[in-house]
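The values are calculated or read from the model by the stated rules, or taken from the named source; none is laboratory data. Quick caveat, the model's predicted, so the values are computed rather than measured. When we count neighbours, we look across all protein chains shown, and the Cβ atoms used for this are built from the backbone with ideal geometry, even at glycine. Heavy atoms of the whole protein, side chains included, go into the accessibility calculation; ligands, DNA and RNA do not. Shrake-Rupley method; radii C 1.70, N 1.55, O 1.52, S 1.80 Å.
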Amino acid sequence: MFAYSQKSHREFIEQQKERATAKRLLTNAFVFIAALGTLFLNASFIDKVFNYEDTQVPSRIMRESAVVRLRRISNSQFPFPSIAKPSNARMNRRIEAVEKKRFALVRTFSPNDYKKLPASFDSWEVFTPCADVDFESRYAVDIILSYSQVLSTNAEAQAAVDEVIKRFRNKEGWGKCFGEVHTIEANIPPEYDLYEPASIQTNPYWVSGPNNQFIHSYRSVQGSNPKYEAMISMEPDSQPRTERWLEALLNEVEENTPLAMLGSKYDGHSWDSFLDAIPVALLHHINGNAVYNTSHPYMNLIVNELQAEKDTIFNSVPYDYRISQMVVEGSLGILPEFPHKYIRDDNGDPIILEQKLKFRQWWEAFKADNPMKESSIITNFAATNFLPSHINGAAIVHGEGLYEPHDPNMKITLVVSDWNKDYANHLVSLIDQTNHPFSEVIVMRPPQGHNFATRAFMKLWENIKLKAKLPVHVQHRDSPDYMDICDAKVETEWFMMTNSYHQVNYNVDLMFTPESRKPVIPYTPALINFCTDFTACRETVDIAKDFFPSTDKVVLDFDMLFKTDLRNDFCSAWREKFGEVSQALSLEHSISPETSKGPTATSFVAYLYQQNLADQTYLFSDRTLRGAQNQFTKVFHEEEYKNYQDVMGEMMRHTSRKMQEINVPSATPVQLGIGEKCSSNDQCESNFCEKGECKQNQNIKLAFGKEIGDGDRGIDLLATASDEEGGERVTNTKIGAVLLVCVIVGIVAILVMAAFVRARRADSSDEVHDVSAQEDAYNGKGDSTVVDVMAMEGDSAQSDILVGEDTSAEVTANDGNGSSADVDVSAGNVSTTEVLDAFAEIDISSEVDASVQEGASSGVDASVNDGDPVGVDASVQE
């Protein structure tokens, strides 16, 4: 024990040296007196002890270090060269006694997992801990079973211990590698013996059980007699994967001496998509399944601090993570962040952890030895799921979520939702360079008569299909893009979804249960803040409850491995409930713009639960506890955002047309191509009917040089109005033209006024440059223009348009009963050449950032796509 907090570091070191010197003097004096006595009592014994060659004895310096080392001495170094040598047998026993190192392998268990204790030794029968002929001559290893409470109160736990001891006594198996088996009891009160990851954000005692049990186990090993060199913490979910794993680990310990701690960082993949957001201490922390040198002063100082923090808020941080926080704060000066934002102090404020300067002093004292070392023998996946290919040859694996990979005979189709920019060709052109399970690709494109289905596009895709090794099929939609899950014409037994803003990861690691071969599907609990904090997630769950009222799982579309026949049944039920293109969905639910208007994986799973097929077909894994690996990576972030308005415009037009058909069941959608006969604009895919014939939508040339045409479909400059008597939706091109002229005339007037104002300002010596254009708009120079065009009832789109200094313009066109158009323009000095990319950037709603995070898929999976905030679980991965 060290009263280190009351003394300076220098005083502490000096006191240790003085104590060691005094102890050494006393020991030498005692040895000298004993030697003299022995000399007079038994000269023949001295004759045998002091004369031998190449004997190894511990040096004085190494006796004081954490691990005893040996040095060789010869007869010439002894004062009695003529004394005879001892026998070889006796000499070997003496060398063995000096060299042999003792270790304690600690396996912790509690009332929650004692039933797994005996089975945790099964793999030891398959992978023998030791096989080297001289293992027993070099190491002595005991097993210590550490129970969190009191064994006498739990007969079943005691029976589990007895079963382990019975296996140990079979010296033909793994028992031959160990000396003894001991049991210790931490005696933690049941109310504090907790490990509840589900309450990690609300209960400060959620991890108090493992924290207290670690301290008790460490102290028990440290205070044992005879002494152990180190404690090997190996929880029941740490399993060997190679022969002679214990021997390999102890050899690694010897090679890395001196050390305070030897273990593994997190080797899983659940953090891959948000590594930059993870605290340094968490990212680089060594998992608790590690080797602890119980005699190293740095390790002892750390454990002393853990014990001192036992009744503080620090105890809500897992002990291995807390150790890393101490090391990082001491070595890098980075203060730790409290990881649980919903746990507050007594005043209800967020908790800020205090700085502890002593951590820096500790690190400066021991950093030369690099006391915290990473192991190549241990790999750590914690609670996350993994495959055999992830292990990379490690001898000991921490993690129980080991599953089987994809069977090559299993045929899986990849369905890619694509739109008007042909980004899917990027995905398809790279897919052959990845390790994927897909047997073919289906690209979902806009309808056949769409402006973007050009000859150039078809030629491009023909070239791509010729180069790709996989069969690639292009399917033109007959319905809005949010129906792709149901409309994709899949012929294989299974399929997955993604969109063209992504590319396939280098390794697509689908997981399956070992025997039943069920796909392992990650989900997010619907009632935790990772879902409830986001409107799209809440609304997606509400829709799914129409199929299964007890829905409690949110499954991302890009994580789902759809079974095709079950998809077909689900889509039939969906259309029966909500209509052919989900037109009745908005009548039954309040849906925000970022929520998918069509079927989702969450609703698919709810349907399976309704049919009692979910657990028969899949194994669902809580991603907040077991993690999840993304199979696709977004590569077109800006492109998705810029084109989001296009998709929203297309979706609104499709929805508008289909909504008109709700009261006319016999009506069929009419989408006429260019040159076909028409009677209204709505019948033409180009939305332009002239003289009874569908024609190409001509670009409208603005005075600023900006063209608004097919590439800007998210803004409909042709405002719509409703016929008060018939309610028929018509396109009012005159209103659009008038508004356009008004804007141009207004801006010209503003130019004149701005020049006059600037001329007057120039005469004043204390000119004030007030740059303001809307309270919430700022584009470098204060330039902003907001265009708010109401393309249909209840829908809106806003666009920030770069104009010039001190300029703002707002145009509002509304198409309800009693159409109105307001123009409010105020501007300073503007030149027409400064007005670029008008109407280019659109902010559909205040929650666009929530809806178009990773994989918002613009209507296909806007609510819970790949990488949505629903799937972020950085705080609980470990």
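Contact order, relative form, for region 134-262: 22 percent (alpha carbon pairs under 8 Å, 6 or more residues apart, mean separation divided by residue count).
Overall, the accessible surface of region 222-352 at a probe of 1.4 angstrom is composed of carbon and sulfur to the extent of 50 percent. Accessible area per residue for region 321-454 is 43 Å², calculated with a 1.4 Å probe on protein heavy atoms, without ligands, DNA or RNA. Scalar couplings 3J(HN,Hα) for region 571-587, obtained by applying the Karplus form with A = 6.51, B = -1.76, C = 1.60 to θ = phi - 60°, are 5, 5, 5, 5, 5, 5, 8, 10, x, 4, 10, 6, 5, 8, 5, 5, 7 Hz; x denotes Gly and Pro.
For the peptides 179-192, 374-387, the ranking by packing is 374-387, 179-192, with the highest mean count of neighbouring Cβ atoms within 10 Å listed first.
If the chain linking S389 and D162 were pulled fully straight, counting 0.36 nm for each residue of separation and taking away their Cα-Cα distance, it would gain 78.2 nm.
Computed over protein heavy atoms with a 1.4 Å probe, the accessible surface of region 469-601 works out to 37 Å² per residue.
Between T434 and L527, the modelled labels are 3.6 nm apart [label points 7 Å from Cα along Cα→Cβ]. Rolling a 1.4 angstrom probe over region 126-221 with all protein chains present gives an accessible area of which 52% lies on carbon and sulfur atoms. Calculated accessible area for region 165-257 comes out at 46 Å² per residue, all protein chains present (probe 1.4 Å; ligands, DNA, RNA ignored). Subtracting the Cα-Cα distance of E180 and D346 from 0.36 nm times their residue separation leaves 54.9 nm of extension gain.
Given K100/K310; K101/K373; K100/K166; K489/K553; K469/K563; K421/K545, which pairs have Cα atoms separated by over 30 Å? Over 30 Å Cα-Cα: K100/K310; K421/K545. Rounded, prolate or oblate: which one fits region 329-409, using the alpha carbon gyration tensor with axes a ≥ b ≥ c (rounded when a/c is under 1.5, else prolate when a/b beats b/c, else oblate)? It is oblate, given that a/c is not under 1.5 and a/b is not larger than b/c. Relative contact order for region 255-299: 57 percent, from Cα pairs under 8 Å spaced at least 6 residues apart, divided by residue count. Note on region 521-629: with neighbouring protein chains present and a 1.4 Å probe, carbon and sulfur make up 47 percent of its accessible heavy-atom surface.
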